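Reviewing the structure listed below.
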Amino acid sequence: MSLVKSVGVIGGLTLVSRIFGFARDMLLSRLLGAGAGADAFFVAFKLPNIFRRLFAEGAFSAAYVPMFSKELHGPGGIKAAERFSANVLSVFLPILLLFTALFEIFMPGVVWLMASAYKDVPGKFELTVELTRIAFPYLLLVSLVSLLSGVLNSMSKFAAAAAAPILLNICLIGGVLFFGSTTGDSTETARALAVSVSVAGVVQFVWLLWAVRRAGLTLRLRWPRLDPKVKELGRIIVPATFGAGIYQLSQLIDTFFATRLEEGAMSFLNYADRLNQLPLGVVGIALGTAILPALSRLIAREDADGAQKLQGTAVELSMLLTLPAAVALAVAAHPIVEAIFLGGRFTAEHVTVTSGVLVALVAGLPAYVLIKVLTPGFFARGDTKTPVKTAAAALTFNVAVIFFVIERFGIIGLAGATAVSSWFNCALLYTILHRRGHFTLTGDVILRVGKQLLAALVMAAGLWWVTNTLGDAFIGGALARAGALTAVVVTGAGLYFGTLWAIGGFHHEHLAKLKRGNGA
């Protein structure tokens with residue numbers, strides 16, 4: 001029950017953060033639109049976030065949390081864990097300060113590598129450099145937040161760390177509400193947002209520092225010293241950074257190409273990805289997290305049949321929720337984007353492009369989620385290299401596809417290349433698992449997923465009718481838009497699950513199996 005409670009706390013606060021994130025982007029679309037100011041801000045916001053995911057939340061967390069837990073539950077107890085954390089902080093902080101200072105100094109060169117095409121638009125490159133310099137200290141602060149989150153999570157205190165992203169969204173919303181405007185120059189709104197990003201880093205750090213002290217730990221800075229445990233942490237971080245770097249490199253490549261397209265391309269990609277990330281975050285990450293320990297236990301018991309059944313159940317469950325989300329977002333992309341983003345500086349033309357990007361992105365949504373389900377099949381067996389190799393192959397394939405489609409299809413082609421390369425990665429992961437005898441899609445699983453797809457197609461027909469019937473409600477007042485979106489959700493869910501129930505596309509016993517963590 002403690003695990004269920006912990007997942008509930010994290011999941012509930014993550015959902016709240018997603019809701020605030022939608023509110024944030026709805027305001028941004030109206031006050032920034034998809035012009036030069038918006039593009040500059042989204043590049044400025046992306047750079048520290050890429051390094052945050054690469055170092056702070058990726059490699060660092062993967063290395064630090066197990067070592068802290070070992071100290072905490074070892075003979076030294078909380079004092080040993082506190083000493084280890086203080087030593088790490090004392091080495092980690094100077095490195096972060098140096099890294100941040102170097103980037104601040106050489107920021108024009110860094111931005112040029114990502115967005116040199118912005119030099120062709122008067123003032124856009126300079127604005128991007130300015131905003132990135134303002135927002136980049138967020139990396140330093142959120143890296144410290146990651147360390148503090150690792151301390152709290154290791155002590156089974158999840159709420160404070162899970163709530164931290166909410167504070168970021170609140171700060172950005174506050175910056176927009178107090179300093180944003182739909183009239184005049186949007187660059188002032190962009191500057192206010194960049195400042196809000198760094199302010200959010202301060203707020204998150206203070207919040208988690210207070211939480212750590214409440215948990216009974218006091219972290220004091222010491223003179224930096226590379227003791228054996230800090231050296232061991234460094235040795236673990238380096239390969240973990242390489243593995244995490246594949247995905248972040250793909251983000252940088254997408255940014256590089258997007259900045260070379262029409263004005264607003266970065267903004268269109270950001271707004272569309274916000275909608276795409278909701279089912280991915282809720283379904284894919286949750287399933288990937290839940291299946292890994294259960295699969296590890298089965299493999300440790302040498303229960304190959306149980307592992308096969310568990311992973312098959314996870315595939316069924318992931319498609320049960322992902323297929324309708326992908327089909328609904330594709331069929332109703334235009335009215336959904338209208339209802340959420342249209343207004344202020346965000347025009348009907350922006351809606352058309354963003355909805356096209358959304359359709360291209362969600363074409364790969366089932367693959368994104370399946371990757372999260374298949375990857376634990378390697379991790380549970382101690383194989384961390386193969387997923388990195390397949391990701392590198394998919395990245396190479398992605399770049400090749402981009403060169404082929406970007407000139408003809410622009411930002412929609414860039415999003416489509418991401419979707420195609422995700423299916424390529426998914427196919428590689430499954431083929432390797434299948435050839436090794438670790439996982440094979442059975443006829444029963446394929447049949448039930450086929451029935452889920454059929455139910456999703458029935459739902460698609462119903463959603464097409466509903467969106468055409470409601471028409472202007474999606475561009476009406478706030479209540480009309482909310483009502484129209486509610487109608488889409490209720491109709492889609494009713495048709496999908498009703499059809500699925502009628503044709504027997506999923507058995508509820510499978511969910512119980514996944515919860516129990518076995519395939520029997």
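The values are calculated or read from the model by the stated rules, or taken from the named source; none is laboratory data. Quick caveat: nothing in here was measured; it's all calculated off a predicted structure. Quick reminder, even Gly has a Cβ in these numbers, built from the backbone with ideal geometry, and neighbours come from all protein chains shown. Heads up: the accessible areas ignore ligands, DNA and RNA and are worked out on the full protein's heavy atoms, side chains in. Shrake-Rupley method; radii C 1.70, N 1.55, O 1.52, S 1.80 Å.
Brief remarks on what is shown
- Working value for region 60-136: equivalent-ellipsoid semi-axes of 42, 12, 8 Å, each the square root of 5 times a Cα gyration tensor eigenvalue, largest first.
- Cα-Cα pairs of region 327-382 separated by more than 13 Å (percent): 64 percent
- Across region 183-238, the convex hull enclosing all Cα atoms gives 155 Å³ per residue.
- Each peptide in 258-265, 432-439, 125-132 was scored by the mean count of other Cβ atoms within 10 Å over its residues; highest first, the order is 125-132, 258-265, 432-439.
- Kirkwood-type radius of region 366-517, with distances r between different C-alpha atoms, in Å: 18.7 Å
- Evaluating kT/(6 pi eta Rh) at 10 °C and 1.306 mPa s, with the Kirkwood radius of region 69-185 over Cα pairs in the Stokes-Einstein relation, gives 91 µm² s⁻¹.
- Packing-based order for 363-373, 304-314, using average beta carbon neighbours within 10 Å, highest first: 363-373, 304-314
- For peptides 487-495, 442-450, sequence by mean Cβ density within 10 Å, most packed first: 487-495, 442-450
- Per residue convex hull volume, Cα atoms of region 355-435, in Å³: 73 Å³
- The tail of the calculated P(r) for region 129-230, taken as Cα-Cα distances beyond 23 Å, holds 39 percent of the pairs.
- The base-10 log of I(q)/I(0) for region 166-215, evaluated at q = 0.30, 0.32 Å⁻¹, reads -1.02, -1.09 [Debye formula, identical scatterers on Cα atoms, solvent excluded].
- Between region 404-479 and region 338-361, the alpha-carbon center distance in angstrom: 20 Å
- Each of Trp464, Leu429, Thr418 was placed along the dipole of region 408-495 (beta-carbon charges, centred on the mean Cα), and the one lying farthest toward the positive end is Leu429.
- Average accessible area per residue (Å²) across region 390-438 - probe 1.4 Å, nucleic acids and ligands excluded: 52 Å²
- All Cα pairs of region 119-167, percent lying beyond 13 Å: 66 percent
- Between the amide H of Phe346 and those of Gly33, distances stay under 5 Å, these residues lying 5 or more places away or on another chain, with hydrogens modeled in the peptide plane.
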